[in-house]
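Below is one structure; the comments refer to it alone.
The values are calculated or read from the model by the stated rules, or taken from the named source; none is laboratory data. This is a predicted model, so every value here is computed, not measured. Quick reminder, even Gly has a Cβ in these numbers, built from the backbone with ideal geometry, and neighbours come from all protein chains shown.
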Amino acid sequence: MAIQVPRLVAHRCGGALAPENTLAGLRAAAGCGYRGVEFDVMLSGDGTPVLIHDESLERTTNGHGRVADTSDAELARLDAGSWHGAQFAGEPVPSFGDAAELCLALGLWANVEIKPTRGHESETGRKVALAAREIWSGMPPPLLSSFSLEALTAACEAAPDLPRGLLVVAPPADWLATCRRLGCVSLHCSRRYFSPQLLGDAQAAGIPLLVYTVNDPQDAAQLLHQGVAAVFTDRIDLIHDRAA
Ligand code: G3P
Ligand code: MG
């Protein structure tokens, strides 16, 4: 399955312009002309997929404790915006469903990063994949990715038709075999471990390489010029690309 990805992808929804993993972030990305976004999806204590990066609530909300121990009702009371700026006060922790619907309304392509808490890898992969399949039914699908091979395996079993990307920090020697085994159609790696050799190997295998997190405009331009399929960036205010 060949995939089309926008060359620029707003990291954690709206990058530096909005609180991460929020609906305000999606609006910020669209407002900057971005056509693609990446966000992190985890299960709440009730098993509902929600957008959040950390396993604990403290850094990006006014709540305390673990996401996996927090009910939907408790999550709904949290403020996920004030930490970033007073103008975002009251911004909710979005459900995956709400974020997905907004992506569709704004015409945003999505890379849905499945971010399971420890012990919930398979359940998270399965639930996120099933929800994504339902929401994007009949539409060009999002790209699912994860650092967790268990989550990717479960996503593949639940919704084999949805494209998946292998997400790594440093690509292991057997990354291509892992992609083939899990039916992954893209490789996502850290900027720190990008190399022309890796790009050449990925291109030879027909696997688009996506690189995170690239916040220097010149670096982004150079990577895209070299043949990287997409870069994830926080600097949606600085990095633009007519072809994105
Ligand atoms: O999916 C790319 C990137 O988001 C992975 O790192 O920690 O920002 O989710 P992180
Ligand atoms: Mg992420």
Can you tell me how many residues in the range 48-76 are more than 19 Å from the chain's Cα centre (by Cα), surrounded by fewer than 22 Cβ atoms within 10 Å (Cβ to Cβ) and in a loop (DSSP other than H, G, I, E, B)?
6
From (1) hydrophobic (A, V, I, L, M, F, W, C); (2) in contact with a Phe, Trp or Tyr (Cβ under 7 Å, 6 or more places away or on another chain); (3) under 19 Å from Leu210 (Cα atoms), pick out the condition that doesn't hold for Leu51.
(3)
Could you please find all residues in the range 199-213 being more than 11 Å from ligand 1 (Cβ to nearest atom) and either in contact with an Asp or Glu (Cβ under 6 Å, 6 or more places away or on another chain) or of a type in the set (A, V, I, L, M) (or both)?
Leu199, Ala202, Ala204, Ala205, Ile207, Leu209
Scanning the range 3-18 residue by residue, the ones that are among the β-branched types (Val, Ile, Thr) and away from ligand 1 (no atom under 13 Å from the Cβ) total 1
Residues to consider are Leu144, Leu199, Leu223; find the one that is over 25 Å from Asn21 (Cβ atoms) and buried (at least 18 other Cβ atoms within 10 Å of the Cβ).
Leu199
Filter the range 1-47 for residues that are small (Gly, Ala, Ser) and within 16 Å of ligand 2 (Cβ to nearest atom); which is surrounded by the fewest Cβ atoms within 10 Å (Cβ to Cβ)?
Ala16
Restricting the search to the range 21-42, which residues are away from ligand 1 (no atom under 16 Å from the Cβ) and either farther than 17 Å from Glu91 by Cβ or touching a residue at least 24 places away in the same chain (Cβ under 8 Å) (or both)?
Leu23, Ala24, Arg27, Ala28, Ala30, Cys32, Gly33, Arg35
Based on what the data block shows, is Glu58 out of contact with any Ser or Thr (no Cβ under 9 Å at 6 or more places or on another chain) and among the charged types (D, E, K, R)?
yes
Which numbered condition trips up Ser122, out of (1) outside any helix (DSSP H, G or I); (2) in contact with an Asp or Glu (Cβ under 6 Å, 6 or more places away or on another chain)?
(1)
Scan the range 1-30 for residues that are farther than 18 Å from His84 by Cα and of a type outside the set (A, V, I, L, M) and jot them down.
Gln4, Pro6, Arg7
Here the residues within the range 1-26 that are part of a helix (DSSP H, G or I) and over 17 Å from Leu223 (Cβ atoms) are Ala16, Leu17, Leu23, Ala24, Gly25, Leu26
Considering every residue within the range 77-87, establish whether at least one is in contact with a strand residue (DSSP E or B) (Cβ under 9 Å, 6 or more places away or on another chain), within 16 Å of ligand 2 (Cβ to nearest atom) and assigned to a loop (DSSP other than H, G, I, E, B).
yes
Kindly indicate the residue of the range 183-220 that is within 16 Å of ligand 2 (Cβ to nearest atom) and charged (D, E, K, R) and also nearest to Ile236 (Cα to Cα) among those meeting that condition.
Arg191
Where the second residue is modelled with pLDDT of 95 or more and the first is of a type in the set (Lys, Arg) and lies in the range 60-75, which pairs have Cβ atoms under 8 Å and are six or more apart or on separate chains?
Arg66/Glu55; Arg66/Ser56; Arg66/Leu57; Arg66/Thr117
